[in-house]
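The values are calculated or read from the model by the stated rules, or taken from the named source; none is laboratory data. All figures in this text were calculated on a predicted structure; none of them were measured in a lab. Note that each Cβ is placed from the backbone with ideal geometry, even for glycine, and that neighbours are counted across all protein chains shown.
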Amino acid sequence: MKVVYFDQPGGPENLYIKEVPRPEPKDREVLIKVFATALNRSDLLQREQIYPSANVENEVLGLEAAGTVVSLGPGCTGNFSVGARVMALLAGGGYGEYVITPEDQLMPVPSHMTFSQATAIPEAWLTAYQLLHLVAKVHKGETVLIHAGASGVGTAAIQLIQLAEAIPIVTAGADEKLHLCAELGTAAAFNYKEENFSEKVLLFTGGKGVNVILDCIGGSYWEKNVKCLAADGRWVLYGLLGACDVHGDILKQLLFKRGSLLTSLLRSRSLKYKAELVRAFTENVMPHFVPEGKLRPIIDSTFPMEKIADAHRYMESNRNRGKIIIEVRKEETSDL
């Protein structure tokens, strides 16, 4: 089978298509024929070997995929039969024609969705769901500030916050990204390149600040984050796109606000945690992915697998609004 591979860390030019043996599912694992996968920021970091693979048995990139079930390993419960249309959260391997995943990390593809639409869900939406509900424990009526609001996680979070009857506000660095967030229902959107978002947040909240911050930026935002955090607020850090160094009295400022700094990564979580997360998401969120429903995955663009280097370059340019999809094979080719 074909996979995207790289032999040494570096830029997108190091990615190439390679032939490798097709894997076989082990106990409670499922083999999926992949039709589509999607890019995540951690793919770029792994390619550069800044962020290592969490799966020592599979160094192939790709944290999510959508396709059909080809075969079931021993011990599978039978929740998914051969030929079933599924999407999966992966520890790696999505950039390939076939991939193995634990059975309990599968979700059914809604009947009205294409595989390209479905593959935009697992990593981004499960990340947003666990940040909001398992880490921050968001409540009805609370205000949530989302950095990188037009990203895959950001666009998912905007919709999930509204589903929880809370209030989403966002930051982004381009007007077209702010417009997308507004279309999705954010109550306010601020261009961090042109205005001081902490001042705008305090103005929007009447000086109270936000109850929750979803932050993938990190060090460069810490002062503004703490400034606009409400008393007893929860600042959830899940990325470090804006540096990891912090200089200043961050602990003093957090202490005075009784603020909580929480951190989370999904990829390094245990299989048990991921299984429980997938189960909760399937029960509580998946029913809302219906035609004319409240939720929809946001897709920016689609690249064929042969153009994977171009897709990585595009993500590096920070121009995308929503998910970047990789088409592994044409959807009409549905034979096993």
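For the stretch 252-262, does any single residue satisfy the condition of being among the polar types (S, T, N, Q) and surrounded by fewer than 21 Cβ atoms within 10 Å (Cβ to Cβ)?
At the first step, the residues of the stretch 252-262 found to be among the polar types (S, T, N, Q) are 253, 260.
Adding the requirement that they be surrounded by fewer than 21 Cβ atoms within 10 Å (Cβ to Cβ) leaves 253, 260.
Within the stretch 252-262, one or more residues are among the polar types (S, T, N, Q) and surrounded by fewer than 21 Cβ atoms within 10 Å (Cβ to Cβ).
Restricting attention to the stretch 300-310, does a residue exist that is in contact with a Phe, Trp or Tyr (Cβ under 8 Å, 6 or more places away or on another chain), β-branched (Val, Ile, Thr) and farther than 17 Å from residue 85 by Cα?
Taking the stretch 300-310 as the starting set, the residues that turn out to be in contact with a Phe, Trp or Tyr (Cβ under 8 Å, 6 or more places away or on another chain) are 301, 303, 305, 308, 310.
Those left that are additionally β-branched (Val, Ile, Thr): 308.
Narrowing the set further to residues that are farther than 17 Å from residue 85 by Cα leaves 308.
So far as the stretch 300-310 goes, yes, one or more of its residues are in contact with a Phe, Trp or Tyr (Cβ under 8 Å, 6 or more places away or on another chain), β-branched (Val, Ile, Thr) and farther than 17 Å from residue 85 by Cα.
If I ask for residues that are on the phi < 0 side of the Ramachandran plot, among the small types (Gly, Ala, Ser) and either assigned to a helix (DSSP H, G or I) or without any contact (Cβ under 8 Å) to a residue 60 or more places away in the chain (or both), which ones from the stretch 242-271 would you list?
Going residue by residue through the stretch 242-271, those that are on the phi < 0 side of the Ramachandran plot are 242, 244-247, 249-257, 259-271.
Narrowing further to those that are among the small types (Gly, Ala, Ser): 242, 259-260, 264, 268, 270.
Passing the criteria: 242, 259, 260, 270.
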Study note, to complete from the structure: Checked against (1) in the same structural domain as residue 40 (by TED's automatic domain parsing); (2) farther than 23 Å from residue 305 by Cα; (3) touching a residue at least 40 places away in the same chain (Cβ under 8 Å); (4) of a type outside the set (D, E, K, R), residue 145 satisfies every condition except (1)
Point to revise | For residue 231: the one exception among (1) crowded, with 19+ Cβ neighbours inside 10 Å; (2) in contact with a Gly (Cβ under 8 Å, 6 or more places away or on another chain) | key: (1)
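Yes or no, residue by residue, for (1) in contact (Cβ under 8 Å) with a residue 12 or more places away in the chain; (2) exposed (fewer than 14 other Cβ atoms within 10 Å of the Cβ); (3) more than 22 Å from residue 68 (Cα to Cα):
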| residue | (1), (2), (3) |
| --- | --- |
| 279 | yes, yes, no |
| 283 | no, yes, no |
| 286 | yes, no, no |
| 293 | no, yes, yes |
| 301 | yes, no, yes |
| 304 | yes, yes, no |
| 312 | yes, no, yes |
| 325 | yes, no, no |
| 328 | yes, no, no |
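Do the conditions hold for residue 232, that is, is it within 18 Å of the chain's Cα centre (by Cα) and charged (D, E, K, R)?
Numbers: within 18 Å of the chain's Cα centre (by Cα): no; charged (D, E, K, R): yes.
No: the conditions fail for residue 232.
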Practice item. For the stretch 192-204, state whether one or more residues are under 22 Å from the mean Cα position of the chain (by Cα) and assigned by TED's automatic domain parsing to the domain that holds residue 157. Key: yes
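I'm trying to understand the selection: among the residues of the stretch 146-205, which are basic (Lys, Arg), in a helix (DSSP H, G or I) and more than 13 Å from residue 322 (Cα to Cα)?
If we filter the stretch 146-205 for residues that are basic (Lys, Arg), which is where we start, we get 177, 193, 200.
Then keep just the ones that are in a helix (DSSP H, G or I); that gives 177, 200.
If the condition is that a residue be basic (Lys, Arg), in a helix (DSSP H, G or I) and more than 13 Å from residue 322 (Cα to Cα), then 200 is the only one that fits.
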Check your understanding: Residues in the stretch 198-220 that are touching a Ser or Thr at 6+ places or on another chain (Cβ under 9 Å) and either at positive phi or surrounded by 23 or more Cβ atoms within 10 Å (Cβ to Cβ) (or both): how many?
Key -> 4
Exercise for review: Identify the single condition in (1) in contact with a Pro (Cβ under 8 Å, 6 or more places away or on another chain); (2) modelled with pLDDT of 95 or more; (3) surrounded by fewer than 22 Cβ atoms within 10 Å (Cβ to Cβ) that residue 89 does not satisfy, given that it satisfies every other one.
Suggested key: (3)
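Any residue in the stretch 305-318 that is assigned to a loop (DSSP other than H, G, I, E, B) and either among the polar types (S, T, N, Q) or modelled with pLDDT under 95 (or both)?
Looking only at the stretch 305-318, we keep the residues that are assigned to a loop (DSSP other than H, G, I, E, B), and these are 317-318.
The next check asks that each one be either among the polar types (S, T, N, Q) or modelled with pLDDT under 95 (or both); those that pass are 317-318.
Within the stretch 305-318 (the criterion being assigned to a loop (DSSP other than H, G, I, E, B) and either among the polar types (S, T, N, Q) or modelled with pLDDT under 95 (or both)), the answer is yes, since at least one residue qualifies.
This table checks each residue for (1) touching a helix residue (DSSP H, G or I) at 6+ places or on another chain (Cβ under 8 Å); (2) touching a residue at least 40 places away in the same chain (Cβ under 8 Å).
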| residue | (1), (2) |
| --- | --- |
| 85 | yes, no |
| 88 | yes, yes |
| 96 | no, yes |
| 100 | no, yes |
| 104 | yes, yes |
| 110 | yes, yes |
| 119 | no, yes |
| 125 | yes, yes |
| 130 | yes, yes |
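Let's see how each residue does on (1) in contact with a helix residue (DSSP H, G or I) (Cβ under 6 Å, 6 or more places away or on another chain); (2) modelled with pLDDT under 95; (3) at positive phi; (4) not assigned by TED's automatic domain parsing to the domain that holds residue 301:
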{"residue": "28", "(1), (2), (3), (4)": "yes, no, yes, no"}
{"residue": "45", "(1), (2), (3), (4)": "no, yes, no, no"}
{"residue": "59", "(1), (2), (3), (4)": "no, yes, no, no"}
{"residue": "63", "(1), (2), (3), (4)": "yes, no, no, no"}
{"residue": "71", "(1), (2), (3), (4)": "no, no, no, no"}
